[in-house]
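Here the structure is laid out as structure tokens; the discussion comes afterwards.
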Amino acid sequence: MKRTLVSDRAPDSARPAPAGSAHLCANCGANAPDRYCPECGQDTRERLPTFVQFMREATGRYLAFDGKLWKTLIPLLFRPGFLTRAYLAGKRKRFIGPARLFLISSLALFAALRFTAESISIVSLSPSVKVESGESAKAAKAAAKAGAKELQDEGILIDEDLNLSVSDLSESAGGPLKTRIDRFNRLPREQKVEQIIAGITRYGPYAMFVLLPAFAVLLKVAYLGRSSRYPGRPRLYGEHLVFAAHNHSFLFAVGILLFAVPITVVRQILAVWILVYLAWSTRTVYGGSWFGVAVRGFALAVAYFAFFVTANVGLLAAAILLR
């Protein structure tokens, strides 16, 4: 009697399906009577996906439309410091991670910025500041003057027609740079605005990835000291980075709302909520008195503004020169 070696046998997945069985997996050919193939795990349903199912499959991995997005978004907007405390306590499965949340919200903000580019006003960073938008004119003028002083200290000046001039350019490095600047200055003002906005929306996310770790460093410096009084206060750099990511994500989300809702009262409410939220989240995560939160918050704001202006100078240079 001839023996059949085990190695000569066909694998189970390659065997023909039992008689009368029509439930074969289209991927591997195995018998799959249930919804999912027992061999490869593929969904055996033959219907084409609906539009909702198609979009869920396309974006679910990034936006977590299975419910995790909404479980994260609601506390992000309305429960200051909750996500950071939950993450540091080890409760991480039910919420979107801080790194992914930061990435999604920053990309969404700059996408919204690009879609609303026509309504964005460009102010000239010069001693005589001209503000084109009637709303928040005083705040825009103050910010522009502060930015103008920072730029002037670096030898950079932009006039009301958005013409750029840079002093102290060396002959070796200044030649190609001066050519690009002259080419930008010859453009009509409308094209200059379009090029600046296009550059900001393109390179803005990269700038935010530089500002995030910088803000975490500022937090670590601001909260140096003994841990005996506040043992639960974040001390490690990674803990500060998580807090920074959550608060930046909140600012990005509110920034999208500011662009999406052109109602002055709503924007004023959101502006107040930003201040309340940041102070509240800081006290929730770091503890301490409200006075201490205010003092450290002011110092952080001043230091971070310097980083922010530097990043915007880099964005401006990228928008003008990297074309």
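The values are calculated or read from the model by the stated rules, or taken from the named source; none is laboratory data. Here the structure is a predicted model, which means the values were calculated and not measured. Reconstructed Cβ throughout: ideal geometry from the backbone, glycine too, with neighbour counts over all protein chains shown.
It is to be established whether one or more residues within region 278-285 are touching a residue at least 40 places away in the same chain (Cβ under 8 Å) and under 19 Å from the mean Cα position of the chain (by Cα). Yes, there is a match, as at least one residue in region 278-285 is touching a residue at least 40 places away in the same chain (Cβ under 8 Å) and under 19 Å from the mean Cα position of the chain (by Cα). Contact map, region 73-90: residues that are over 17 Å from His240 (Cα atoms) and touching a residue at least 60 places away in the same chain (Cβ under 8 Å) paired with residues that are surrounded by 17 or more Cβ atoms within 10 Å (Cβ to Cβ) and not aromatic (Phe, Trp, Tyr), Cβ distance under 8 Å, separation 6+ or inter-chain. Pairs shown: Leu73/Ala253; Leu77/Ala253; Leu77/Val254.
Among the residues of region 42-88, which ones are in a helix (DSSP H, G or I), among the aliphatic types (A, V, I, L, M) and at pLDDT below 80? Answer for region 42-88, where residues must be in a helix (DSSP H, G or I), among the aliphatic types (A, V, I, L, M) and at pLDDT below 80: Val52, Met55, Ala58, Leu63. For region 207-237, a residue qualifies if it is in a loop (DSSP other than H, G, I, E, B) and touching a His at 6+ places or on another chain (Cβ under 9 Å), and the qualifying residues are Tyr223, Pro234. Tallying residues that are without any contact (Cβ under 8 Å) to a residue 24 or more places away in the chain, assigned to a helix (DSSP H, G or I) and out of contact with any Lys or Arg (no Cβ under 9 Å at 6 or more places or on another chain) within region 252-266 yields 2. Take region 241-294 and flag every residue that is of a type in the set (A, V, I, L, M) and closer than 20 Å to Ala222 by Cα. Correct list: Leu241, Val242, Ala244, Ala245, Leu275, Val276, Leu278, Ala279, Val285, Val293, Ala294.
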